[in-house]
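The structure appears right after this line, and notes come after that.
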Amino acid sequence: MSAKPESRKSMVNEFNAYRQKMNDRILSADNKVIKRIYNIDTNAYMTGALSVKTKEMMGLVASLVLRCDDCIKYHLIRCSENDVTEEELFELLAIANLVGGTIVIPYTRRAVEFWDELSKS
C-alpha cells in the first residue's frame, strides 16, 4: 500500500536529511577506520573502466540482494542522477530478483515507490 501523498512528497528529502545528519555525526567521532571505509566507498563509485552509471546500477542490484533499504534508496538517487531510465531500472530489478530470489520482491516494491517519488522531483 502506498504512503499518503503528503508523506510521499517528502520521502526523498527526509531520507537525504537523515543520511546527512547521521553521516556527519558518525564522521565527527573522527574514527580513522570509519573514515577510510567511507573514503573507499566514495572512490569505488568514481569513473574508471566502468562508468559511474554502471557502478550505481551494480550497487543497486547488490543492495536489493542484500536487502538494505537505506542502500537501495541511496543507489536509486544516484541512478536517477546518472540518467538511468525506467527501462534500465526494471531490467536491473529483474536481475536482482533472479539473483536474490523472491525475498527481494518486497524491496522491489519499495524501490519502485521511491523511484516514482524521485521521478516527481
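Ellipticity at 222 nm from helices only: DSSP H runs of n ≥ 4 in the chain, each -39500 (n - 2.57), divided by the residue count, give -25000 deg cm²/dmol. In this simple spin-label approximation, VAL33 and ASP83 carry label points 7 Å from Cα along the Cα→Cβ vector, and these lie 4.1 nm apart. 3J(HN,Hα) couplings calculated from phi for the range 37-44 with the Karplus curve 6.51 cos²θ - 1.76 cosθ + 1.60 (θ = phi - 60°) are, in sequence order, 5, 4, 5, 5, 4, 4, 5, 5 Hz; Gly and Pro show x.
Unpaired cysteine residues in the chain (no second Cys Cβ under 4.7 Å): CYS79.
Relative contact order for the range 5-120 using alpha-carbon pairs under 8 Å, separation at least 6, rounded to a whole percent? Relative contact order, the range 5-120: 30 percent. Using the Karplus relation 6.51 cos²θ - 1.76 cosθ + 1.60 with θ = phi - 60°, the per-residue 3J(HN,Hα) values for the range 49-56 come to 4, 9, 6, 4, 4, 4, 5, 5 Hz, with x marking Gly and Pro.
Between ASN13 and ASP41, residue separation times 0.36 nm minus the direct Cα-Cα distance comes to 7.9 nm.
Across the range 62-72, computed HN-Hα scalar couplings (Karplus, 6.51 cos²θ - 1.76 cosθ + 1.60, θ = phi - 60°) run 4, 5, 5, 5, 7, 6, 10, 4, 4, 5, 4 Hz from first to last residue, x flagging Gly and Pro.
Every read-out reported here was derived from the displayed coordinates using simple, explicitly stated rules and does not represent laboratory data. No experiment lies behind these values; they were computed from the predicted model shown. No Cβ is skipped: glycine too gets one built from the backbone with ideal geometry, and neighbour counts run over all protein chains shown.
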